[in-house]
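K.L.:
Handing you this structure, nothing more for now.
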Amino acid sequence: MGRIDVVRQVVTCTACELREGCTGPVPFRGDPGGIVVVGEAPGEQEDRSGRPFIGPAGHKLTDLLAEVGIYPDGYVNTVSCFPHGTPTPGHVEACEHNKWAQIDLLDPTYLLLVGKVALKGMRSELELKRGRGRPLVVNDRLCFGTYHPAAALRNSSYEAAMRSDLARFKDLVDAGRDRWMEFIPPSCAACPVDPVYYEPDGLGWCAVHLPTTVAPLYEAILAAQHDDLEAARVRSGQRRDHALAAVEAAADPDWMAQAWDVLVEYLRTHAEFFVDDFWNDTGLAKPREARALGPLVMRAARQDLMVKSGVFRKSTASNMTEKPVWRSLIHVT
Ligand code: SF4
């Protein structure tokens with residue numbers, strides 16, 4: 001859809017009851033570019049003017065972003081009509097098609113999600129407290145959540161937290177997509193499930209493992225959130241090795257031996273290793289021992305049998321997570 005089609009779709013939408021209580025839906029503003037801000041919904045001023053992010057919260061956000069040297073290319077709202085309060089999940093769902101039509105038109109590399117509604121509109125399982133300040137990937141867009149600027153206007157501690165979030169966002173944007181993807185873990189550190197929480201230093205946890213077993217660790221990581229990124233990567237690597245060693249120790253040794261042979265043979269006959277393809281191509285028994293593939297992949301990497309190619313593909317196991325594609329170093333043509 002072109003620009004006019006997208007604007008027409010938004011301003012003529014009557015898909016939910018919010019339309020009846022507002023002046024009219026407020027479409028995006030801006031042009032295609034690298035960074036687009038995704039907000040919650042139009043406020044009173046935006047409703048009157050028909051332009052997003054022009055009220056006090058919008059100005060606050062512009063100021064905070066300018067402090068760290070970020071000048072967004074566009075602004076989109078999760079819900080396009082003035083909700084007279086906080087939009088409900090039903091409103092978010094009703095307006096989903098408008099949000100994505102506008103984002104796809106602007107086609108940014110990075111989405112800055114401001115506030116709970118914007119974050120949960122992308123990843124419904126994430127709470128702002130734990131979802132903010134870390135890189136995510138949704139529909140191939142690199143996303144990063146922080147507080148809504150209205151919270152910063154109300155409370156200086158939110159403003160301070162937002163400042164540090166935005167500084168980290170700037171670091172990650174400057175580092176580029178590949179670096180960003182290094183912080184996206186392919187699976188929970190304790191099991192093979194796709195993580196729902198991404199930590200700032202590249203470790204991930206599924207919903208089962210995070211809340212009780214890892215919460216203190218998680219809080220410690222939050223405290224260290226703004227340490228040097230490289231130091232964080234080292235800590236992450238150490239902890240990942242530890243988690244992988246525990247998985248390996250718990251696995252069936254016969255399965256491990258068989259799977260290692262299959263993996264090495266696969267690397268001889270395939271230029272690339274992508275975990276979904278590997279399972280499909282080899283027919284290796286998967287369900288119970290799937291987690292044990294992680295240590296074998298790392299062993300193969302340590303033995304210089306494969307390296308990360310820098311390419312990521314969406315996993316069929318999840319419509320939210322990209323996983324790394326590895327390059328075989330022993331592929332025989
Ligand atoms: Fe349509 Fe979104 Fe407005 Fe509801 S909030 S009427 S879905 S534009």
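K.L.:
Among (1) more than 9 Å from the ligand (Cβ to nearest atom); (2) farther than 21 Å from Leu142 by Cα; (3) modelled with pLDDT of 95 or more, there is one condition Glu40 misses while meeting the rest; what is its number?
P.N.:
Only one criterion is unmet by Glu40, namely (2).
K.L.:
How many residues does the stretch 142-183 contain that are under 17 Å from Lys116 (Cα atoms) and of a type in the set (Ser, Thr, Tyr)?
P.N.:
Looking only at that region, the number is 4.
K.L.:
Right, here's the next one. What number of residues in the stretch 22-46 are more than 29 Å from the chain's Cα centre (by Cα) and outside any helix (DSSP H, G or I)?
P.N.:
3
K.L.:
Within the stretch 6-21, is there a residue that is within 14 Å of His148 (Cβ to Cβ), out of contact with any Cys (no Cβ under 9 Å at 6 or more places or on another chain), part of a helix (DSSP H, G or I) and touching a residue at least 12 places away in the same chain (Cβ under 8 Å)?
P.N.:
no
K.L.:
Moving on. Could you please find all residues in the stretch 267-281 being within 14 Å of Val325 (Cα to Cα) and not β-branched (Val, Ile, Thr)?
P.N.:
Those that are within 14 Å of Val325 (Cα to Cα) and not β-branched (Val, Ile, Thr): Leu267, His270, Ala271, Glu272, Phe273, Phe274, Asp276, Asp277, Phe278, Trp279.
K.L.:
In the stretch 38-57, which residue that is in contact with a Pro (Cβ under 6 Å, 6 or more places away or on another chain) and among the small types (Gly, Ala, Ser) is surrounded by the most Cβ atoms within 10 Å (Cβ to Cβ)?
P.N.:
Once the filter is applied, the top-ranked residue is Ala41.
K.L.:
Further question on the same structure: Just for strands (runs of 3 or more DSSP E) wholly inside the stretch 58-168: which have at least 2 residues that are touching a Ser or Thr at 6+ places or on another chain (Cβ under 8 Å) and either touching a residue at least 12 places away in the same chain (Cβ under 8 Å) or crowded, with 16+ Cβ neighbours inside 10 Å (or both)?
P.N.:
The strands (runs of 3 or more DSSP E) meeting that bar are 110-114, 141-146.
K.L.:
Check whether at least one residue in the stretch 53-75 is closer than 29 Å to Glu17 by Cα and within 16 Å of the ligand (Cβ to nearest atom), and report yes or no.
P.N.:
Yes, the stretch 53-75 contains a residue that is closer than 29 Å to Glu17 by Cα and within 16 Å of the ligand (Cβ to nearest atom).
K.L.:
Oh, and also: Being among the polar types (S, T, N, Q) and within 11 Å of the ligand (Cβ to nearest atom) narrows it down to one residue among Thr109, Thr88; which is it?
P.N.:
None of the other options fit; the residue is Thr88.
The values are calculated or read from the model by the stated rules, or taken from the named source; none is laboratory data. This structure is a prediction, so every number in the text was calculated from the model and none was measured. Neighbour counts run over all protein chains shown; Cβ positions are idealised from the backbone, glycine included.
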